[in-house]
Structures are given as structure tokens and as C-alpha cells.
Amino acid sequence: MTYWAELVELYEYRVADALEGRLPRGGRGSLAYLRDVLFAAPLEPALSRRLLDTDRQYRTHLKRAREEGGPVSRSLPPPPPPPAARATWTAPAPGSTPEARAWEEVQRLVWFADLRTRLLHLGRTLQTQPERLSLRVLYTAVENADRDARGVTPALAVPPVGDSLVSLHDPEVVRDLMLALAERLLTPEGRARFLGALGAVQEAPFPRHADADVLAARIQAAGREPLAPEAREALVQALRAPYPQENRDPRERPAIREAARQLQQTLETLLEDAPGPGLGVTLAHSILYAGAASAALPAPDDAASELVIHLAGGEAARWRGLDFRWQPVGPNRQDSAQEPNWQMLVEGPDGQKQVVLLRPGLPAAERVLTLNTPHLPLRLALSGAYLLLQAGERPAEQLGRLAAQARAAARLLDPEGQYANLRLARAAAQALQGEPVDAAALGPASAAKYAAADPDTLLAFARRGVGALTTRLSRLTPAEVAAALSASAAALGLPTPRAQALHEALHAATFIPERLPEPYPITQLELPGDGRFVSVTLGDDPVTLQARGRALTLRDDQGSLAVLLPGQPPVPLADLLVLRVPGAHLLLVRQGRWLAAAEVRTADTATPPA
């Protein structure tokens with residue numbers, strides 16, 4: 001790729017950012033400067049056509065913006081109104097009280113714990129991709145953000161496939177990478193630095209080395225040496241060895257830029273609910289034993305899903321059927337300059353007790369704890385002497401939500417109609433993001449890659465699609481979602497009833513957990529053919545499920561649960577699995593020793609590929 005071709009491609013990416021409502025990197029002034037440079041450049045005819053097409057889209061965008069919101073001004077913003085026209089009230093100072101600071105931090109800690117969970121799931125999904133391109137881009141952005149924070153140059157280039165120094169094939173390495181990313185996304189400054197680094201990777205996957213011109217001159221000089229061709233080639237390779245980024249294939253750039261763009265969209269979705277700067281005020285009557293009368297909660301509310309306690313203001317509470325007692329412990333309890341550690345006793349209605357140690361001096365990730373009581377799961381987030389108790393879903397509700405997601409994933413995996421449901425889901429994702437539906441790319445011919453994909457990769461793709469769509473559905477009205485699905489179905493030439501059926505499955509996966517029967521410790525069970533879930537308590541012995549004349553065996557395989565079908569290799573079952581058998585999908589969801597399974601009939605009766 002030539003120098004001018006790279007600049008034209010960069011202009012296309014920056015214009016695409018502007019068309020999607022994002023501020024182009026470097027601002028609109030930088031975009032205008034790049035445009036002027038390209039229009040004065042000696043471009044080839046093909047590059048000129050690309051530049052003119054992109055510029056025409058950009059000028060249309062600016063014209064529409066002027067028509068809808070008035071003229072686009074390049075001048076300074078208007079001066080502020082005179083003092084007499086301004087409001088006279090004063091906003092409270094941020095972090096003005098200990099309660100306000102603690103309230104904001106515990107909410108941020110809970111969000112951070114959820115973010116870590118979602119990023120770990122994203123990491124496992126990205127690790128299944130061929131060549132792990134997205135993980136390589138992510139690794140580069142995290143490393144370059146750290147270098148930028150330390151003032152270290154130059155920036156790292158995206159590593160090649162199979163780089164032994166990166167080891168992204170190792171699940172532990174990927175886990176550490178995603179947790180490191182979560183740490184950087186915890187603060188607004190860290191988020192801005194990382195997204196800037198990701199944008200830099202998108203613009204320059206292989207940053208130009210400071211001595212690239214020197215290298216080029218040395219290679220030219222080597223070409224003039226009176227050497228045999230083999231010796232000259234060896235010399236050139238030796239000169240290139242210290243500059244690996246200058247030896248990369250330029251054809252990699254478009255794929256890397258697309259991976260960076262998709263990662264940016266995924267992370268923007270994850271960060272949509274990130275807590276912003278607070279006003280420094282606490283909700284009235286929201287903290288038990290608070291020092292300020294305006295913030296003090298008279299008594300715990302059993303109907304609430306959260307309870308914030310000022311530990312230093314009391315010593316016991318009863319909430320959601322659980323008794324809590326706490327006391328300061330450790331060497332810091334007499335030191336007024338440091339927050340003490342706390343020991344908390346949690347007792348359930350059956351008299352079972354659990355003790356947890358709360359240490360405010362630990363890092364943020366270690367101040368969020370999960371306590372599984374027989375009554376209900378609890379999440380605890382600690383900020384100084386303030387503790388947030390958050391009641392989680394009961395195991396039946398958690399597994400029921402997972403079962404609803406499995407049913408939605410199975411619908412996407414149905415091969416009927418050339419994977420019509422999966423194609424429709426992808427079209428709906430585009431429509432719900434405000435993008436035009438690319439009907440040509442999502443036509444029946446696109447189903448060939450789904451049919452050729454291995455089952456693990458296809459299931460991971462379907463789960464990722466369900467997760468993205470349910471996130472969108474949780475923020476929209478049913479009417480908006482139904483309209484987007486209907487329009488997407490029309491664009492693909494699919495009937496409206498298919499869009500309605502997919503909407504129902506996605507709505508259930510978002511809002512309506514499956515009602516699961518209580519599990520029983522049995523080892524033989526036949527699945528009903530009407531789609532209902534049955535439940536089993538897993539024990540030490542293998543469990544055999546009968547479905548459509550086949551025996552499905554679940555047994556321990558080197559410390560993990562494996563599913564065995566006759567004539568097929570074992571398939572690991574972590575939390576959710578969808579297996580194809582002739583004429584049906586078998587849905588398996590698991591939490592601990594609770595396993596739920598169902599058989600969902602499909603219109604396709606062909607034997608799936610082995």
C-alpha cells in the first residue's frame with residue numbers, strides 16, 4: 001500500500017467516524033487539513049474516485065447537519081449570558097460529605113465488578129476467533145495505553161499471529177489481559193487513554209519507526225553493493241531484522257482496522273452504563289446509621305434490592321430475612337487516622353452462620369465480595385466504613401435467565417431458511433445501532449460460512465449476538481424493537497411472523513427467566529419433546545439423558561463436566577451448551593450442581609456435520 005493510499009484510507013475512516021456521530025480523532029480541523037492535503041496530492045484515478053465518493057458523503061452529512069441544527073460555525077462559542085440572566089442557585093460541591101463520597105464509590109465498585117465479569121466473558125469469546133486478531137489488537141491498545149501513561153515511546157505494533165512473546169492462546173494470559181483492561185476502564189482518565197490508544201491502533205496498526213528512513217537508505221545502499229544475489233538478500237534481511245514492524249504485510253491493515261472498529265463498538269456498549277461524576281450528594285434517607293440526619297435510613301427496607309450501612313454508626317441489622325452483626329477488628333481499630341477492618345457475621349433463618357472480613361485498604365477489585373447464603377446470594381462492596389449489600393437473584397432465577405438465553409441462542413442456530421434467524425438477528429443489530437441494514441451481505445449466500453463453522457465457534461457467535469441484542473432491548477421499548485425487527489425482515493425478504501417469533505425469544509432472554517422445576521438427584525431421565533426444561537442434581541455418578549432416541553451422557557472429565565454423544569468427542573459444559581441432533585437442538589444450562597435440559601424441535605432434519 002502506497003503512502004497516498006494509506007492517507008485516503010485514513011480519510012475514509014475519519015469520515016466514517018463523523019457519519020456515525022463520533023468526533024474524528026484529532027478533531028474536525030485535522031479532518032479538514034487531511035482533506036486539503038489529499039485534494040492537492042497526485043493521486044491515481046482509483047484513489048481519486050474513492051476520495052471523491054467519501055468527500056461527497058461527508059459534504060452531504062454537513063449539509064444535513066446545517067439544515068437540521070442551523071449553520072455549522074467554525075468560530076468561538078457565543079459568550080455567556082450577563083450575570084443578571086444567570087440562575088442564582090449553587091450546585092453542591094462534589095464529594096462534600098463522607099456519605100456522598102462513599103455512595104459514589106460503592107456504586108462504582110459494583111459497576112466495576114460487573115465490568116470484570118463481562119470482560120472475562122468477552123475474552124473467552126475472542127479467544128475462539130481464528131488467528132485471535134481482536135485479542136492481538138486489544139493487547140496492543142492496553143500496552144500502548146500503559147506506555148502513554150508512563151511517557152514511553154515508541155508505540156507497540158500489533159503483534160503477528162502466533163507471537164510467542166504474547167501467548168494469547170493461553171487462557172490465563174487472556175484472563176490477565178481482560179482484568180488489566182478492566183483496571184484501566186475503572187476511571188474516566190483510564191477510559192479516555194485506552195480508547196485513544198485503540199483509535200491509534202485503528203489509524204496506524206504498524207507505527208512507523210523513527211529510523212525508517214535510515215533503514216530505507218541502508219537497504220538502497222545494500223542494493224548497490226557488488227554482492228551475489230544470495231549474499232545481498234541476506235544483508236537486506238539482517239538490516240531489516242531490528243525493525244519487525246517495517247516488514248509486516250500491508251494487506252493486514254484493513255483487517256486490523258476493522259477489528260479495532262468492532263472492539264470500539266463493543267466496549268462503547270459495555271461502557272454505556274459507566275458511572276459518571278456525581279454531584280456530591282446522597283439520596284435522602286438512603287444509608288442505615290448515617291451520621292447526617294438527611295441521609296439516615298430509619299430502618300432497612302426488605303422490598304429493596306440494596307442496603308447501604310454506615311458500619312461505624314451501629315453494630316447490627318436485619319434485612320431480607322438475614323441477621324447481620326459486625327465489629328471493628330485488627331490493629332487499626334484504635335488508629336483514628338486509618339479506617340479499621342471489620343468482621344461481619346451473617347446468619348440465615350435456618351441458623352447457619354458465615355463470617356466475612358471486610359478490609360477497606362484493599363484494591364478496588366478486592367473490596368467487592370460475593371457471599372452465597374442458602375437464603376439468597378449477596379454481593380458486598382466496601383468503601384471505608386460504608387458497606388453496600390446487594391441481594392442477587394436466587395439460583396432458580398439465575399439459571400432460568402440462562403435457560404432463556406439458551407433458547408434464544410438455539411433459535412439463532414436453527415439452519416432453517418439458510419440460517420434466516422441468525423441473518424435476521426445480525427440485520428436487527430445493525431438497525432438498532434442506527435445503521436442501514438446491509439441486505440447484500442446478509443443474504444442467503446452468507447449462510448455458507450455458518451454451515452461450515454465448527455459448533456463451538458458458531459455457538460460462541462450466537463451467544464455474543466444474543467448478549468448484544470438483549471443489551472439493546474433493555475434500553476428500548478418493545479415497540480421500537482418490533483419496528484426494527486420488522487424493517488430488518490423486510491430488507492432481507494423474510495416474513496413478518498419470523499421477526500415476531502425472534503422478538504419474543506429475545507424479549508424473554510432479556511426480561512423473563514424460564515420457570516425451572518426443582519432438581520432431583522437422579523441418573524436417568526428422558527427429555528420431553530415439547531421444549532420444556534427438566535432439572536437434575538449432579539452427583540458423583542454420570543447422568544444419562546434420553547433425547548430423540550439418543551443417549552446423552554454427562555460425566556466428570558478431568559475436573560470439568562463433559563457431554564458425550566455416541567460417536568462424537570466429549571464436549572465441555574461450562575454454563576450453557578446447545579447441541580444439534582437430527583431434527584432438534586438440545587439445550588443444557590448449569591449452575592453448580594443444578595443442571596437443566598430441554599429438547600427444542602427444528603424444521604431441519606439433516607444430520608449435522610461431525
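Size of the dipole of segment 436-568 about the Cα centre, Lys and Arg at +1 and Asp and Glu at -1 on the beta carbon, nothing else charged, in debye to 20?
Numbers: 11 positive and 13 negative charges, 97 e Å.
In debye, rounded to 20, segment 436-568 gives about 460.
In Å², what does the accessible area per residue of segment 477-610 work out to with a 1.4 Å probe? Could the numbers behind the result be given before it?
Numbers: 6880 Å² over 134 residues.
With the other protein chains kept in place, segment 477-610 gives 51 Å² per residue.
Farthest toward the positive end of the dipole of segment 331-415, out of 382, 413, 396, is the Cα of 413, where the dipole comes from beta carbon charges about the Cα centre. Computed from point charges on the beta carbon alone (+1 for Lys and Arg, -1 for Asp and Glu), the dipole magnitude for segment 520-601 about its Cα centre is near 280 Debye. Calculate the FRET efficiency for residue 153 and residue 173 from the Cβ-Cβ distance with a Förster distance of 30 Å, rounded to the nearest 0.05. Efficiency at R0 = 30 Å is approximately 0.75. Compute the FRET efficiency between residue 433 and residue 490 as 1/(1 + (r/R0)^6), taking r as their Cβ-Cβ distance and R0 = 22 Å, and round to the nearest 0.05. With a Förster radius of 22 Å, E is 0.80.
If you stretched the chain out fully between residue 203 and residue 325, how much longer would it get, using 0.36 nm times the residue separation minus the C-alpha to C-alpha distance?
On the way: separation 122, 0.36 × 122 = 43.92 nm, distance 5.55 nm.
In short, 38.4 nm is gained.
Accessible surface ranking for 4, 594, 1.4 angstrom probe, highest first: 4, 594. In a simple Cβ point-charge model (Lys, Arg +1; Asp, Glu -1; nothing else charged), segment 105-189 has a dipole of about 160 debye relative to its Cα centre. Overall shape of segment 400-451 was characterised from the C-alpha gyration tensor. The equivalent ellipsoid obtained from it has semi-axes of 21, 16, 6 Å, in decreasing order.
Between residue 5 and residue 449, take the C-beta separation as r, use R0 = 30 Å, and let me know the FRET efficiency to the nearest 0.05.
Numbers: r = 28 Å, r/R0 = 0.95.
E between residue 5 and residue 449, to the nearest 0.05, is 0.60.
Projecting the Cα positions of 549, 522, 565 onto the charge dipole of segment 520-601 (unit charges on Cβ atoms of Lys, Arg, Asp and Glu, taken about the Cα centre) puts 549 furthest along the positive direction. A straight chain from residue 56 to residue 230 at 0.36 nm per residue would run longer than the Cα-Cα distance by 57.6 nm.
Values of log10 I(q)/I(0) for segment 396-511 across q = 0.10 Å⁻¹ run -0.26, by the Debye formula with one identical scatterer at each alpha carbon and no solvent.
Step by step: find N for segment 515-578, compute 2.2 N^0.38 Å, then divide the Cα radius of gyration by it. What's the final number? Mind dumping the intermediate values first?
Numbers: Rg = 11.8 Å, N = 64, 2.2 N^0.38 = 10.7 Å.
Rounded to two decimals, the normalised Rg is 1.10.
The values are calculated or read from the model by the stated rules, or taken from the named source; none is laboratory data. These numbers were taken from a predicted model, which means no experiment stands behind them. Cβ atoms come from the backbone with ideal geometry, glycine included; neighbour counts cover every protein chain shown. With ligands, DNA and RNA removed, areas are computed over all heavy atoms of the protein, side chains included. Shrake-Rupley method; radii C 1.70, N 1.55, O 1.52, S 1.80 Å.
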